[in-house]
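Read-outs: derived from the displayed coordinates by stated rules, not from any lab. Just so it is clear, the model here is predicted, and its values are computed rather than measured. Note that we place each Cβ from the backbone using ideal geometry, even for glycine, and neighbour counts take in every protein chain shown.
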Amino acid sequence: MLTSCMSKTKHPIITFDSPFPKKNKDLTNILGKQLIIKTESDTLTLNITSNKKRNLILNAETGDTVFIGTVSKYLGMYYFNEQVNDSSYKIYAVKLTDNLIYGLTINWIQQLYIEDEIKKGNNKKLVKYINTDTTIIRLHPDKQELRKLLGSFIIDFPPDTILNFYEKSSIFMDTNNTLTKIDPEDYEYLLKAYPNPTSGILNIELQQKNKLVYKLINLQGMSVLQGQFNDLINRIDLSKQSNGIYTLTLINLANKQKETIKIIKTK
């Protein structure tokens, strides 16, 4: 049964020494106060309550606790942090795409996957301690490494469908797709892009100084501008570009991480 999978009480041998290093998000602002999802074999109604310190998800039918803890957002995914004891946590990832939700009902599978990858010697940046017989594995939640580990894994599983999606369409608006606003919880480098739309100069403000390569791509997929950002506030002159919608991609060549926003060029 789905509910038993989501409420396993056995502590994993994989634990993290701290929650995901981003601030707690109010889950009711993301999923609403009630979430109805359809899995491959079941329909589940979840009641959600939130405050500044934690989020609580209950099975509406049984009253069982599905999740209690903090939720962080980073680069388009949500990380659910559940405390195991005074010094350890388990972390799993959830991704939203329109009316589909990935990862929520396979949290225990994610734990097994992390364990398997670490025992294979992968994702070493996460490892803090492993005892000799690998019965205790303590990890540290490096943001980029954990996203790399879980980002592709969770979408390999069939997503659940949110049946009350249309009631929550305003809640599910993804700031990645807006044209002028940048959500710092979704970006490691970008802070602001203004004015957007622009008729000429576009200012790109970074969260901190980084040597980043940028590319401006038109709707035909052609690169029309490229260069490098070295300062906190950088400028791109779009005055000679045709009016329309462009994609601005920033690339950190050291780790190949990319961040992308939409830009509108007007008269």
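Structure data summary
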| read-out | value |
| --- | --- |
| Amide hydrogen neighbours beyond the local backbone of LEU163, cut-off 5 Å, H modeled | ILE36, ILE37, LYS38 |
| Entries in LYS90/LYS143; LYS125/LYS215; LYS73/LYS265 that, when Cα-Cα distance is taken, lie over 26 Å | LYS125/LYS215; LYS73/LYS265 |
| Principal-axis tilt of helix 107-119 within the chain, Cα atoms, nearest 10 degrees | 80 |
| Nearest-ten-degree value, helix 143-154 long axis tilted from longest Cα axis of the chain | 70 |
| Net lengthening on full extension, SER87/ASP64 (0.36 nm per residue, minus Cα-Cα) | 5.9 nm |
| More than 16 angstrom apart: percent of Cα pairs within the range 175-265 | 49 |
| Gain in span if fully extended, ASN51 to LYS143, counting 0.36 nm per residue against the direct Cα distance | 30.8 nm |
| Radius 12 Å from Cβ of SER87, net charge of other residues (Lys, Arg +1; Asp, Glu -1) | 0 |
| Pairwise FRET efficiency - ASP156 versus THR43, Cβ, R0 = 25 Å, nearest 0.05 | 0.60 |
| In sequence order, calculated HN-Hα J values of the range 68-74 (Karplus, 6.51, -1.76, 1.60; Hz; x Gly/Pro) | 9, x, 9, 10, 10, 10, 7 |
| In sequence order, calculated HN-Hα J values of the range 28-42 (Karplus, 6.51, -1.76, 1.60; Hz; x Gly/Pro) | 5, 6, 9, 10, x, 7, 9, 10, 10, 10, 10, 9, 4, 10, 7 |
| In sequence order, calculated HN-Hα J values of the range 97-103 (Karplus, 6.51, -1.76, 1.60; Hz; x Gly/Pro) | 9, 6, 9, 10, 10, 9, x |
